[in-house]
Each structure stands twice: as C-alpha cells, then as structure tokens.
1. For region 78-223, what is the accessible area per residue in Å², given a 1.4 Å probe and the full set of protein chains?
2. For L221 paired with R141, estimate the spin-label separation in nm (one decimal), with each label point 7 Å from Cα along the Cα-to-Cβ line.
3. Suppose each label sits 7 Å from its Cα in the direction of the beta carbon; what would the D128-V202 distance come out to in nanometres?
4. For G193, what residues show an amide H to amide H distance below 5 Å, using hydrogens built from the backbone and excluding near sequence neighbours?
5. Counting only protein heavy atoms and a 1.4 Å probe, tell me what percentage of region 87-157's accessible area is made up of carbon and sulfur.
6. Under unit Cβ charges (Lys, Arg +1; Asp, Glu -1), what dipole magnitude, rounded to 20 debye, does region 51-150 have relative to its Cα centre?
7. Report relative contact order for region 178-231 in percent, whole number only (criteria: Cα-Cα under 8 Å, sequence separation at least 6).
8. Keeping every protein chain in place, order C144, C105, C30 by accessible area at 1.4 Å, biggest value first, i.e. largest first.
Amino acid sequence: MSVVGAPHDASKIKIDCLTDLHTTKVLPVCTGEPDISSHDCGTGAPKTMAAISFVDRQLRRVLDWWEAEGASLGVHLIAASGHGHVTVHARADLFETLEAAGLRCGPAPAAGIDATSYGAIYPAEPSDAVIRRTVGSMIERPWCGPVFTAGGAAYGIAAGSFARHLVFADHARSADILFSFRSDGLDPFGLMGRTWSADGAVGFGVHGGWHANEMSSVGILAGPLIEKRLRLASSLRHLRHCADSARSSGPFATGNDDRSCARRDLYR
C-alpha cells in the first residue's frame, strides 16, 4: 500500500518539502486558486489573473526541481486541475419554475422536499409523469440548456430530453433529471462563457455546467515509468494495426514471415 504524505498548500510550498519523497510514496501539493478568486472576484478580474500567475510560478518551481533532481531520482509527476469557470450574466428562475411544476423546493433531506442541487433534480416522487411535467416546464425557460433523463438509445423519457447514459450518468445514484444552464457569448472580461444561475451572483465565476470552458481541465503525467508505458501502448497499437492489415492482406496465411510487419515488430 502506498504511503501518502501530508498535503502541502501550493501557496506555502517550499521546495525543501519535496525531500519528503525519500520517506513517502505520494506527496500531494494542492491549492484552491484560481477557483476561489474567480468565485469571489470574477473570471478575468485582476486578483484572479494574479492568482493564475502565482499558481503557474509554483508549478514552475516544482518542475525546475524535478528536471534538476527529481527525474533522476525516479520521481513521477501528476498535475491535474478540476474544472474551469464561466461567468453568471443573469439569474435563472429555476426554483420558481420547479414549484410551478408541482415540486417543493427547500433544504433537503426533509419530508416532502424535492432535493435539487446544481444540475441535478431528485423528485421526492420520481414518477414518469412528474419527470415529464417538470422537464416540460424547464425547457420553456430561456436559461435551460440540455436536459437528460432515463431513457433509450438517444432520448429520455421526457420530451425534449436526452438519455442520461449519453453522459455516463445512468446509475443508481444518478438524479432523475440532469440539466445544464444555457451558456454562450463573451463575459464582461472578454472571455468566452456566459451562463445563468439560480443562486450564483451575477458577474462572478461559477462551474458545474457543460460549457467547454467549465469542463476544461489540465492533466500532465511525467516520469520514466509513464514514458515506458506510453511507448509500450504505442507499440501495442502499432502491432494491432499491423495484425489487422495482415488479416486483410494474407501474409500470415501465406507464411511469408518476412513480409509481416506485425511478426517483425514482435521480435525487435
């Protein structure tokens, strides 16, 4: 079992802490920025841009150490971000729409309350009739983007909705109604991505929807084992391609081993 070291806040990181890697298997380094600044100040506000630059500098420090020492020690790097942000430009009357459709919005869990979270609606009585009535009311509103419900190959049980398995959400814990607020255009900072929100402040950053900028994230893998496995995966894909070509052209059947790229590669 891998040993996990104590998490380090990137805003306080000292390169010396990386020496902990000599005594631990995993050393997490995390930060809440620029998520916090975007929520509090806006996606392109000076404080948010300064937070992005700060985090970039901290990552650069880690990369400098890794390139100078860590890589030769066999240290692997995994860098990942959670999501992006878009800007709220108008309030959505989500709760009023749901109540007009017969749902009871309020703090949950509580008796008789239909639980609603960002992008997910759990009716207390999730009958097909309730789901269809609710979705029918939602899709008439200007803030409503794509909606997903249980269903068939492409479409959900409610008219105007897609099947939720299309977004890998057809499981036991999935909401009965999944949706995203409509998003488009440039925000006040000139960045792509404006959206609606039922409770987010107008002019500030939010996430949780399906705009490309909300779902945008970074993933970086570096290290000797990762490089070896990527090369192996590339070789295996090449072998499969050669094998498929061989089946169609017949070199395996004819016994001409020297003509088979797949067989040659197997013995390289």
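1. Result: 51 Å² of accessible area for each residue.
2. Here the modelled spin labels are 4.1 nm apart.
3. 4.1 nm
4. G185, L186, D187
5. So the carbon and sulfur contribution to the accessible surface is 58 percent.
6. Magnitude of the dipole: close to 100 debye.
7. Rounded, it is 25 percent for region 178-231.
8. C30, C105, C144
The values are calculated or read from the model by the stated rules, or taken from the named source; none is laboratory data. Keep in mind that this is a model prediction, so the values were computed, not measured. We place every Cβ from the backbone using ideal geometry, glycine too, and count neighbours over all the protein chains shown. Only protein heavy atoms, including side chains, enter the accessible area calculation; ligands, DNA and RNA are left aside. Shrake-Rupley method; radii C 1.70, N 1.55, O 1.52, S 1.80 Å.
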